[in-house]
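Data block below; observations after.
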Amino acid sequence: MTEINMILHLPYLAAGLTFKKNEDKLHVSYQAAHHQLISSTKAVLLGHEIDASNQIGSMLAAGCIYPNTCNPVDTWDSLTEQRKNYFFSDVQVRGAYPNYALKYFERIHFELSKDTDDLTILKQGTVDFVSFSYYNSRVIGKADQDQIAGNLFTSLKNPYLKTSEWGWQIDPLGFRITLNELYDRYQKPLFVVENGLGAKDTLLVENKVNDTYRINYLHDHIQALKDAITEDWVEVLGYTSWSCIDLISASSGEISKCYGLIYVNLAEDGIGDYQRFTKASAKWYVKVINSNGQNLD
């Protein structure tokens with residue numbers, strides 16, 4: 001299940017969930033999450049049964065969460081918010097519901113419906129590695145300021161970071177922090193399966209797209225990844241950018257929020273001939289791939 005924790009933020013897109021009138025959406029989402037966790041675990045068990053050498057991982061939308069101030073309340077709130085993400089990987093890596101999750105279920109008066117062998121299945125089908133997406137970091141805490149406009153997750157503005165056109169703050173060091181947090185937490189190999197920048201691209205004469213801003217984003221994040229590997233000894237299986245080609249953004253439903261290395265000639269109103277053109281970032285990324293990340297110039 002890709003970005004399994006997104007069921008708490010985009011339940012319809014992440015799990016096809018719809019809610020009845022007056023139905024507790026949080027209860028329904030966590031119950032659906034349980035079914036997804038069981039299904040994922042069964043897939044791990046089947047994959048290992050087919051070939052014991054198969055390596056099968058989990059996948060979540062990740063990102064470090066900073067407290068807004070050094071007020072302990074802000075630090076506690078950031079920890080609590082991050083647990084909503086790590087709850088899923090905690091189950092998939094460790095094979096059991098963590099105590100903080102069980103206590104949270106109790107506080108929200110949620111009783112998990114499960115089969116008698118569900119907990120045994122979770123214990124038996126733990127993953128071999130942890131994969132994740134990373135786009136930005138967040139800030140949590142009490143403050144007299146609004147949430148960043150356009151941000152999919154709740155976040156306050158970080159004054160130390162630049163912000164994308166869609167309000168996502170650009171934080172390469174936060175990427176390195178996230179890699180360290182996940183590796184320290186699980187001691188399992190990591191795989192970065194999504195990392196990229198959503199931005200408005202312009203098709204110029206001769207069908208060129210000079211997206212140097214995307215190159216800068218990817219350069220800085222891949223360098224942070226290299227630092228995590230070489231300086232921090234984080235075990236990383238691989239890295240793939242998001243995305244190969246322009247596509248409709250899941251978070252905003254816009255084609256104009258381009259992530260791709262390849263441009264698709266299509267406007268928001270559906271006008272366009274769908275022609276595809278390589279961007280400057282695509283040509284740069286070819287050099288990165290051919291050098292296995294060594295050449296970032």
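The values are calculated or read from the model by the stated rules, or taken from the named source; none is laboratory data. Every value quoted in this text rests on a predicted model; they were computed, and no experiment measured them. Here the Cβ is made from the backbone with ideal geometry for all residues, glycine too, and neighbour counts use every protein chain on show. Just so you know, the surface numbers come from the protein's heavy atoms only, side chains and all, with ligands and any DNA or RNA stripped out. Shrake-Rupley method; radii C 1.70, N 1.55, O 1.52, S 1.80 Å.
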*Give a residue-ordered list of calculated ³J(HN,Hα) values for segment 107-119 (Karplus: 6.51 cos²θ - 1.76 cosθ + 1.60, θ = phi - 60°; whole Hz; x for Gly, Pro).*
5, 8, 6, 10, 10, 5, 8, 8, 6, 5, 9, 4, 5
*Efficiency of FRET between residue 280 and residue 252 - r from beta-carbon atoms, R0 22 angstrom, step 0.05*: 0.40
_Taking the full set of protein chains and a 1.4 angstrom probe, give the accessible area of residue 200 in square angstrom, rounded to the nearest 10._
120 Å²
*asked:* Using just the Cα positions, wrap the chain in a convex hull and report its mean projected area in square nanometres, one decimal place.
replied: 18.6 nm²
*Based on the mean of other beta carbon atoms within 10 Å per residue, what is the order of 162-172, 283-293, 17-27, most packed first?*
162-172, 283-293, 17-27
*Please tell me the relative contact order of the chain in percent, rounded to the nearest whole number, where contacts are Cα pairs under 8 Å and at least six residues apart.*
14 percent
_Violating pairs (Cα-Cα greater than 32 angstrom) within the set 103/200; 21/188; 21/200; 42/200; 162/279_ = 103/200; 21/188; 21/200; 42/200
*What is segment 130-280 by shape, rounded, prolate or oblate, if you read a ≥ b ≥ c off the alpha carbon gyration tensor as root eigenvalues and call it rounded for a/c under 1.5, prolate for a/b larger than b/c, and oblate otherwise?*
oblate
_Give me the 1.4 Å probe accessible area per residue for the chain, excluding ligands and nucleic acids, in Å²._
52 Å²
*Hey, what number do you get for the chain at 222 nm if only DSSP H runs of n ≥ 4 count, each worth -39500 (n - 2.57), divided across all residues, to the nearest 500?*
-12500 deg cm²/dmol
*asked:* Output the 0 to 90 degree angle, nearest 10, between the alpha-carbon long axis of helix 25-50 and the longest principal axis computed from the alpha carbons of the chain.
replied: 80 degrees
*With a ≥ b ≥ c taken as the square roots of the eigenvalues of the C-alpha gyration tensor of segment 3-97, please select rounded if a/c is under 1.5 and otherwise prolate if a/b is larger than b/c or oblate if it is not?*
oblate
*In cubic angstrom, how much convex hull volume per residue do the alpha carbon atoms of segment 166-216 span?*
96 Å³
*asked:* If you take every residue apart from residue 89 with its C-beta less than 12 Å away from the C-beta of residue 89, what net charge results, scoring Lys and Arg +1 and Asp and Glu -1?
replied: +2
*asked:* Amide H of residue 163 versus every other amide H placed in the peptide plane: which residues, excluding those fewer than 5 positions away on the same chain, fall under 5 Å?
replied: 170
*Please give every one of the aspartates and glutamates within straight-line cross-link reach of residue 257, meaning a C-alpha to C-alpha distance under 16 Å, and leave out same-chain neighbours fewer than 8 residues apart.*
165, 194, 201, 211, 246, 268, 269
*Classify segment 48-161 as rounded, prolate or oblate, taking a ≥ b ≥ c as the square roots of the eigenvalues of its Cα gyration tensor: rounded when a/c is under 1.5, otherwise prolate if a/b is larger than b/c and oblate if not.*
oblate
*Mind giving me the FRET efficiency for residue 154 and residue 207? R0 is 51 Å, r the Cβ-Cβ distance, nearest 0.05 is fine.*
0.80
*Would you mind putting 66-76, 208-218 in packing order, based on average other-beta-carbon counts within 10 Å, highest first?*
208-218, 66-76
*Between 265, 119, 100, whose Cα lies farthest towards the positive end of the dipole of the chain when Lys and Arg beta carbons carry +1 and Asp and Glu beta carbons carry -1, centred on the Cα centre?*
100
*Taking all protein chains together and a probe of 1.4 Å, list 111, 181, 268 from the most accessible to the least accessible.*
111, 268, 181
